[in-house]
1. In debye to the nearest 20, how big a dipole does the range A:2-102 give about its Cα centre with +1 on each Lys and Arg Cβ and -1 on each Asp and Glu Cβ?
2. Relative to the Cα centre, what is the charge dipole magnitude of chain B, using +1 at the beta carbon of each Lys and Arg, -1 at the beta carbon of each Asp and Glu, and rounding to the nearest 20 debye?
3. Using each residue's phi in the range A:20-30, evaluate 6.51 cos²θ - 1.76 cosθ + 1.60 at θ = phi - 60° and report the 3J(HN,Hα) Karplus result to the nearest Hz, with x for Gly and Pro.
4. Which whole number gives the average count of other chain Cβ atoms within 10 Å of the Cβ atoms across peptide A:91-102?
5. Using DSSP to define loop residues, name the trypsin sites (Lys or Arg not before Pro) in the range B:456-545 whose beta-carbon has at most 12 other beta-carbon atoms within 10 Å.
6. With charges set only on the Cβ (+1 for Lys and Arg, -1 for Asp and Glu), what does the dipole of the protein assembly as shown come to about its Cα centre, in debye to the nearest 20?
7. Specify which residue in the list A:94, A:15, A:34 is farthest towards the positive end of the charge dipole of the range A:6-111, using unit charges on the beta carbon of Lys, Arg (+1) and Asp, Glu (-1), about the Cα centre.
8. Out of B:291, B:168, B:427, whose Cα points farthest toward the positive end of the dipole of the protein assembly as shown (charges: +1 Lys, Arg; -1 Asp, Glu; placed on Cβ)?
Amino acid sequence: MIVDDEKDIRESVKLILEKHNYKVVTAKDGDDCLEKLKKFKPDLILMDIMMPGTPVKEVAEKIHGPKIAYLSILKRDDAERENMISEDYAGYIQKPFEINQLVNSVNKLVA
Amino acid sequence: MGEEELKRFKISLKLKIILGILFISGTLIAIAFPLLFSSFDRAVLDDVREDLDVISFFQKNRIQDEIEKSFERLKGITSRTQLRLSLKNYLELSDSEEKIRISKILGDALLSIKDFRNIHVLDTSGVVLASTDKGLEGKILSQENYFKEGIIKDSFNFDEEKELIYLSGPLIFEDTILGAAVIELSNEKFKEIISNYSMLGETGETILGRRNRDGTISFLFQRRFEIFDSSGNKTYLPGVSMNYALSKQEDFFEEILDYRGVSVVSYTRHIPEVNWGLVVKKNREEAFKPLIDLRSTIFFIFIAVAVLSALLIIFLSNQIFVPIKKITQANKSLGKGDYSVRVKIKSGDELQELGESFNNAAEALGKLDEERKQLDKSKTEFLSITSHELRSPMTPMIAQMQMLKEGYFGKLGKEKEESLDIIYRNTLRLDSLIQDILEISRIEAARLKFNFVLKKVEDVVKQTVDGMNNFLPEKNIQIIANIDKIPEMELDPDRLMQVLINLVNNAKKFSEKNSKIFISAKIKNDMIEFKVQDQGAGISKEGQKRIFEPFYQELKPMSKKYEGTGLGLAICRGIVEAQNGRIWVESETGKGSTFYFTIPLIPVKEIKPIRILFSPQMEIERKILDLFKEFLGPLGEQEFSVLKKEKKLELKNLISYLDELYAKQILSQTKLEVFKKKIKEIMVEKEKEANK
């Protein structure tokens, strides 16, 4: 599942991953994500850090089961220092990303 | 006021005013004191003179009265008809009856007047015919002065030895002198007058004197003070005042020696009836005691007034200077950027007004400062927000381009691929530019994060070098690191790498193919000094000064090829300076450049904001360089770069450097002073800027 408030990013990531034979669902923010999780059980959630609505950290705490990887324009250490993300997460991909890197990371996380 | 000010102003305003007032009052007192004293002197002298004048006049009168009274008593005897008739009869008839009658008259008179000691009646040849002193009858007293004078006229004779007064006068019957009456009178009355010291204090006395036939002077009656010579005899010096008195001079003597040799004030009188001299005198010491008392009283009053006025001056000056001090201190705080400072002066005068207007000014400044801070914050926020916003679209753009490039949507033709490459490359450049601006906005907002961990410098450099080999591989540049043994220390490896990468990238960009880049690090004082040396084209003098400014690019064909964001070195400067380090470059065109920077052995954890985009630092450096050029001519630029290389551009470093130049006789004394003054002005400006 891709969670990002920017439609273009959602769609780009979805397109890339679908090309690599992943089944992808998108959500436009944290609340939407929680809503959609009622219907879908994804293996991995790729989630932006800065989105309108419920803060990402709170959203992440409500998610049980799927691995969470963050996708952010911020550097990982900055995001950690600003206390914007949950303590345990599976991966961190910085935007803008190289698509091969993204695919590799997702492959690793899902495997 | 602090010590600092006392050093700066040799005499404080307070001291000046106190000294001024003391000088004025001292002068007034110096003038007034003698005038005051001389008028006191005159007044006291006049008093003493008047005292003695009155007393001596009074004493003279009493003595004259007494003499007159004595003569009247004598008259009372000599004019008695019975006595004269009896005497006549006796002389003619030698009738013993008459003699008894005479004796009776004399006896009655003696009884009725108690001062009378004896009364005799003598005949013209001096034979005592009758006397109250029976033993004297028949004796011849013709040699006695009182007889000699008394047979002719009423006389007054004083006998010192017998302490008696002889009153004598002729007994006349029908124009014929029958004989003389002699009264021995007690001198008690005179003694009483003379020994009345009631108005004469402790040392005053009245003395009576008489000139003897041989010209010597003798005192009548006992004196108040007796003096004895070495053999125990009463003695006295010739009284000078008495001499004047006996010369019939009636006058005041302000300073004269008396019979004891003591300095006295005296008033002389002459008693013509008996040709006596009368002197009333007093020791000067006692006479002028009021003056001395008055002087010491005045002196003590003066001391008291001086002390009181000194206290008053201090009190008044405090009234003035305490508020001034308050305002001065408040002003200092204001200068240091504390706009919340206010002064409380409730003196109800101009100083309170001054304090109030100061407070108003401080408030206005505070508001301005608040606005400026807000503006600064807005600027930083703007930078931060816009960079984030600017970066967001980059992600899908880059992703889509990569997808195109990777053939997600089918294979592209050669021209399309080349076009896409250009778009992609420039998009990446735009992204890194945005990243750099974001970084700068953090440095400026002191939001640059440092994450200190214990690590070896050597490892960080090695990691950097390893990671660098991917950049511009076609140039085949060898990076050689030479790191001193530096123990593990607290540092932020990411930031250190960021600076090193920027410098090495920079070096690579300007290096020729197959050249070398040297990296070294060594401990220098409490810092580690890093050095990144290349063999590239070098940087011009102007470039060296400005290379750390944002967007500065040397106009060179080489640089066009490898355009960066123009912010890399500015960011390096920001990172290094945030850690209180220094970054600089040494270069010679054609011979390569060497970049230096330092980081502290003990990291700085309180990060201060540093201005990069709108930095006054470069401006200040340029101003200082201009001064160097102005004062040293062609040498200026060289000296400035030496200074900049050796030390941080701080006031004390600059001043000591100028002193060195003076010591080397490069600068003259007068130039040195002007130079220092101008440098101070610039640095003060800088300080103000920094405090904001």
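1. 460 debye
2. So the magnitude is around 4460 debye.
3. Each residue's phi maps through the Karplus curve to give 9, 6, 9, 8, 10, 10, 10, 9, 8, 6, x Hz.
4. Numbers: counts 0, 0, 0, 1, 8, 14, 4, 4, 9, 2, 1, 2.
Counting other chains' Cβ atoms within 10 Å and averaging over A:91-102 gives 4.
5. For trypsin sites (Lys or Arg not before Pro) across the range B:456-545 that sit outside H, G, I, E and B with at most 12 neighbouring Cβ atoms in 10 Å, the list reads B:485, B:513.
6. The dipole of the protein assembly as shown has a size of about 4040 debye.
7. Of the candidates, A:15 comes out farthest on the positive side.
8. Result: B:427.
FYI, it's all coordinate maths here, none of it is from the lab. If you're wondering where the values come from, they're calculated on a predicted model, not measured in any experiment. Don't worry about glycine lacking a Cβ; one is built from the backbone with ideal geometry, like all the others, and counts go over all protein chains shown.
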